[in-house]
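S.K.: Take this structure, written in structure tokens, and hold onto it; I'll ask about it next.
The values are calculated or read from the model by the stated rules, or taken from the named source; none is laboratory data. All values derive from a computational prediction rather than experimental measurement. Note: areas computed on protein heavy atoms with side chains; ligands, DNA, RNA excluded. Shrake-Rupley method; radii C 1.70, N 1.55, O 1.52, S 1.80 Å.
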Amino acid sequence: MNAPLIVAGSLAVIGAAIHGVGGELLVVRKLSPEMLPSSRFGGPGMTKTMIHVAWHLTTVAFLTVGCALLLSGTVLDGDAAKGIGLVAAAASTGFAALTVGLGGTYRHFPRSLLRHPAPVLLTATAALAWWGAL
């Protein structure tokens, strides 16, 4: 049993659930195709479809990493646990870096990083994942 990996995995799985359900209800369903631009792939309806798919692909990525962290911290051992834990820690770091980096770029840094829970939770998940994996 590896407590940091279990906590990191639990945060990631809970985050995936919140991202999937909350994002669907609070973000994706509220997108109005009339307000979205066309792209070379199609009209505004296609733009909404691409945003919808990308949103839930991210949710699946969070869930996958969370499950990998939980497996690393519970049922796997030795080199397998370490290898899966390192890959999941790297993915978690990528999620956190994108969220903090782009969030800071598009908003007033650092206040914007505290207005939404994602930067703090993703950074905590990455830190715990590295702690547990190393």
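S.K.: Leaving ligands, DNA and RNA out of it, work out the accessible area of residue 6 with a 1.4 Å probe and give it in Å² to the nearest 10.
M.R.: Solvent-accessible area, nearest 10 Å²: 40 Å².
S.K.: Still on this model: Report the full-extension gain for the segment residue 79 to residue 112: residue separation times 0.36 nm, less the Cα-Cα distance, to one decimal in nm.
M.R.: 8.0 nm
S.K.: Could you list, bin by bin from short to long, the percent of Cα-Cα pairs of the stretch 1-58 in 10 Å steps?
M.R.: Per 10 Å bin, starting at 0, the Cα pair percentages come out as 22, 36, 23, 13, 6, 0.
S.K.: Now, a different point. Suppose all protein chains stay in the model; what accessible area per residue would a 1.4 Å probe give for the chain, in Å²?
M.R.: Solvent-accessible surface per residue comes out at 61 Å².
S.K.: For the stretch 41-70 and the stretch 87-134, what is the separation of their C-alpha centers, rounded to whole Å?
M.R.: First find each Cα centre; the distance between them is then 18 Å.
S.K.: Next question. Using only helices, what value at 222 nm comes out for the chain when you add -39,500 (n - 2.57) per DSSP H run of length 4 or more and divide by the total residues, to the nearest 500 deg cm²/dmol? Write down the numbers at each step before the final one.
M.R.: Values: 5 runs with 105 residues, N = 134.
That calculation yields -27000 deg cm²/dmol at 222 nm.
S.K.: Another one. Taking a cut-off of 21 Å, what percent of all Cα-Cα pairs in the chain are separated by more than that?
M.R.: The calculated P(r) of the chain puts 48 percent of pairs beyond 21 Å.
S.K.: Name the residue, out of 124, 91, 54, whose mean-square fluctuation peaks in a Gaussian network model built on the chain with Cα pairs under 10 Å.
M.R.: Sorting by GNM fluctuation, first place goes to 54.
S.K.: Another question, then. With every protein chain left in place and a probe of 1.4 Å, what is the accessible surface of residue 52, to the nearest 10 Å²?
M.R.: 60
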